Amino acid sequence: MRKLVYVTLAFVAGVLLCQYFLPPLWRLVPGGVAVLALLLWLALRKKQKRQLRWLPLAAAGLLFGLGWFTGYEALFLAPAEALLGTEDTVTVELLEYAQETDYGAKVTVRVLDRDIPGKAVYFSGRDLLELEPGNRLTAQMEFDEAATMGEEKSTYYTSQGVFLRLYGDGDTETVEPGRAGSFRYLPQRLALHLRQTIAQRFSSESGGLIIALLTGEREDMDEQSRSALEETGLLHITAVSGLHCTFLIGFLGLLLGRRRRLTAFIGYPVLLFYMVMVGCTPSVVRACIMTGLFLLAPLLGREGDAPTSLAAAALAILLANPFSVASVSFQLSFASVAGLLAVSPRIYRGLTALWPARSRWTKTLRSFVVGSLSASLGAMLLTAPLSVFYFQYLPLVAPLANLVVLWAVPFLFASALVLTLLTMALPGLAPVLALPEILARYVLAAAGTLARLPSHAVYFTSAYLMAWLVFCYLMLAVCLASREGRRKYALAGILALVTFLAARSLPGLALEDSDLTIIAVDVGQGAATLLRSGDETVLVDCGSLYTPLGPGALVADTMSAYGWDRLDKMILTHYHEDHAGGLGELLARVEVGELLVPRLTDSGEEDDLQREVLALAKAYAVPVTYVEEPATEPVGKAELTIYPPLTQGEVNEEGLTILCTAGDFDVLITGDMGGSTEKLLVETYDLPDIEVLMVGHHGSKYSTTEELLEAVTPETGIISVGENSYGHPTAEAMDRMAWQGMTLYRTDLQGNIVIQAGGERN
């Protein structure tokens, strides 16, 4: 019996209960149940004890998990909460290179002169980008806990072991060399040098992929490449995991021959160095621990046990930081390996039985094809619910994509790593980099081709598709419980295909008889509004702040769910990240016929975003039209009117206004304009009484004024809003709209909001 597996499963259950469901006092309930289970086991006779030998292990693991999380919370999270809103002069040591943000830079640090456990993230000016890991910085800082974002609880930072956010103004900072240049930070320096060398010596597309493959950093990948890998289920090759550790140790074993003990001795420091170099994410730590345990087995004269190694890795990660259980990387990594261990062998046996092979060549081919498909399907079966929950999509083409691409990945990894390191020492050998360049281009070309296949992925933006997924898992459960032959799986597959086609068609069919469909896409704290009439589609804005899935991807997923593959027009009301920041990832996936934008009169920070927007349009060959006069044109059965900016200077006010009319039905979109510009809008143009108002500035108290509401008398208001620190939507704006008698909908509460007008569904 694998005792550690039972203990770890119960420990993880206890940690999950604490993380997601139970406040401190309520944790006494499962703790009491675990104690009662232990007492019951002790009271049983010996024979019954043997039958229930898993019970004390599970009870002890559950108690341990509940207690460990509670204690860790008191030691790490409570001190951070006590410092909330205070300021002090603090000295910190940088643990990595800083990353640029929209408002400056941020870097992970360790606080040196305070009794503050764990790590912190320091936000300040762009001067941070010039510092190195190990540098020590002293500044006046404002303390904020990392367990909240705005007014909402968040696990983004705590799952990384970060419990404090520190804010500085950049003016009072003093910097000392500290331990910069020491051996402690050699992995970080090597990773930076490696990324810089790759960026210089490979094409931009191939270089971005190679950097992501070797280091897990995806910032250098262009949107099109990233999107293709994501859409085909191949993005996992850029998340450093067991695949990469296997490549690394396999290459080391190839160099050392069959000397298993020597490979193990050298492999441990290599794995540790690599783990630190790529950032110690849960998937990396899990992979390194599992690989390390398999390396340990020959040293002890024993065979490795995969389930025990997996349990040991999970236990080690959660003992170091139980909040890691909320990490998407942790959950996907362990679910994937569990699928490989528990499900893939059964699939392999079933597929092998269907493919008889006599010759050595056909057996080799069968082994490769069946092995690849069974591994992909096994991992996919356990990770699919998580992928749908977090990312709202499921790449159906993933098994085929892995079959076509994965054979090349180990050759790409080994050749890119070795040859890049070699050319770093001997620059004259740069021509040898042609091999990884060719392999990288093959991977990207294959992913791009597969991403263009019809129905290559399912986007779970409708209740029909969610119901289909539940139905599929119910069928799988019935098949596993049944003792019938293999025909049950064939029947289940046919039923899954038929129901998928039906579920895929229903959302689009429901909108066919509508003169105008409005979809406010839930992009978090941002805005993205789809207008569909006839066969034409218009998108107004595409941006967001603080969302794990990019707004461009969310819009593209929504369009795919309805069977729409093209935007006739894309309109940006103004140049702010929460309205225009998702354009790049959108263009990577959706064809756009025309981009309509305002022209800025004054340059400033937003001018950088304007240049980025224009550069993206040029890169994807999208015509750009500056709206400087009111323009009206038909869109399907509706009519679209775009009004130019009415003021100059402030970007929010220097934006476009959109009116869409279908018969007697009107929808008005005002972007983020404030009250003074709203007043000027109703004075300048003869606006009709409208049915739907896209509430201005996400419900700011300075927008959606009484002047506007009295002028256009909206019946319905849609607030596009998400987790934010601005207090949106404000009580003042909500009161004004309530006084008007409007029916209100919010994307943060209802998700995607769909309104149909005209036809039979007015």
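Listing for the model above:
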| read-out | value |
| --- | --- |
| Segments classed as helices (runs of 4 or more DSSP H), wholly inside region 36-88, with at least 1 members that are among the aromatic types (Phe, Trp, Tyr) and at negative phi | 54-72 |
| Residue selected from region 519-560 under the condition farther than 27 Å from Pro729 by Cβ and outside any loop (DSSP other than H, G, I, E, B), by the criterion modelled with the lowest pLDDT | Ser560 |
| Hits in region 352-370 - residues which are among the basic types (Lys, Arg) and touching a residue at least 12 places away in the same chain (Cβ under 8 Å) | Arg366 |
| Flag for Ser455 being in the same structural domain as Met570 (by TED's automatic domain parsing) and of a type outside the set (D, E, K, R) | no |
| Any chance Arg27 is in contact with a Leu (Cβ under 6 Å, 6 or more places away or on another chain), of a type in the set (D, E, K, R) and touching a residue at least 40 places away in the same chain (Cβ under 8 Å) | yes |
| Scan of region 411-437 for residues that are closer than 21 Å to Leu254 by Cβ, at pLDDT 85 or above and surrounded by fewer than 16 Cβ atoms within 10 Å (Cβ to Cβ), ordered by number | Phe411, Leu435 |
| Subset of region 651-697 (residues that are closer than 13 Å to Leu640 by Cα and assigned to a strand (DSSP E or B)) | Thr657, Ile658, Leu659, Cys660, Thr661, Ala662, Phe665, Asp666, Val667, Leu668, Ile669 |
| Residue list for region 713-736, restricted to those being charged (D, E, K, R) and either free of Cβ contacts under 8 Å to residues at least 12 places away in the same chain or under 15 Å from Thr747 (Cβ atoms) (or both) | Glu723, Asp735 |
| From the options Ala384, Ala416, residue that is touching a strand residue (DSSP E or B) at 6+ places or on another chain (Cβ under 6 Å) and either farther than 21 Å from Gly216 by Cα or part of a helix (DSSP H, G or I) (or both) | Ala384 |
| Total residues in region 72-99, condition within 21 Å of Val29 (Cβ to Cβ) and either at pLDDT 95 or above or among the aromatic types (Phe, Trp, Tyr) (or both) | 1 |
| Qualifying residues in region 27-77 (those that are within 36 Å of the chain's Cα centre (by Cα) and loosely packed, with under 14 Cβ neighbours inside 10 Å) - the one farthest from Ala147 (Cα to Cα) | Val29 |
| Positions within region 16-48 being among the polar types (S, T, N, Q) and modelled with pLDDT under 85, in sequence order | Gln48 |
| Meets criteria (farther than 16 Å from Arg165 by Cβ, in a strand (DSSP E or B) and either of a type in the set (Phe, Trp, Tyr) or touching a helix residue (DSSP H, G or I) at 6+ places or on another chain (Cβ under 7 Å) (or both)) for Glu93 | no |
| Hits in region 345-397 (condition: among the polar types (S, T, N, Q) and within 26 Å of the chain's Cα centre (by Cα)) | Ser372, Ser374, Ser376, Thr383, Ser387, Gln392 |
| Only one of Ser514, Ser455 that is part of a loop (DSSP other than H, G, I, E, B), modelled with pLDDT under 85 and surrounded by 18 or more Cβ atoms within 10 Å (Cβ to Cβ) | Ser514 |
| Candidates Leu687, Leu668, Leu749, Leu680, filtered to the one that is crowded, with 22+ Cβ neighbours inside 10 Å and without any contact (Cβ under 8 Å) to a residue 60 or more places away in the chain | Leu668 |
| Within region 162-185, tally of residues that are free of Cβ contacts under 8 Å to residues at least 40 places away in the same chain and over 30 Å from Ala80 (Cβ atoms) | 1 |
| Candidates Phe69, Phe64 - the one that is more than 18 Å from Val162 (Cα to Cα) and of a type in the set (Phe, Trp, Tyr) | Phe64 |
| Any hit, region 309-323, residues being at positive phi and either modelled with pLDDT of 90 or more or not in a helix (DSSP H, G or I) (or both) | no |
| Matching residues in region 80-98 - criterion: being over 30 Å from Glu217 (Cα atoms), under 31 Å from the mean Cα position of the chain (by Cα) and without any contact (Cβ under 8 Å) to a residue 60 or more places away in the chain | Ala82, Gly85 |
| Scope region 648-668; condition among the polar types (S, T, N, Q) and in contact with a strand residue (DSSP E or B) (Cβ under 6 Å, 6 or more places away or on another chain); matching residues | Thr657, Thr661 |
| Filter result for the condition that a residue is closer than 28 Å to Ala146 by Cβ and crowded, with 24+ Cβ neighbours inside 10 Å, over Asp541, Asp522 | Asp522 |
| Matching residues, region 260-280, being among the aromatic types (Phe, Trp, Tyr), over 21 Å from Ile211 (Cβ atoms) and surrounded by 15 or more Cβ atoms within 10 Å (Cβ to Cβ) | Tyr268 |
| Scan of region 460-506 for residues that are touching a residue at least 60 places away in the same chain (Cβ under 8 Å) and over 25 Å from Ala553 (Cβ atoms), ordered by number | Leu476, Arg486, Tyr489 |
| Identity of the residue in region 698-717, crowded, with 24+ Cβ neighbours inside 10 Å and under 14 Å from Gly526 (Cβ atoms), that ends up nearest to the chain's Cα centre (by Cα) | His698 |
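The values are calculated or read from the model by the stated rules, or taken from the named source; none is laboratory data. Only a predicted model underlies this, so the values are computations on that prediction, with no experimental measurement involved. Cβ coordinates were reconstructed from backbone atoms using ideal geometry, including for glycine residues, and neighbour counts include every protein chain displayed.
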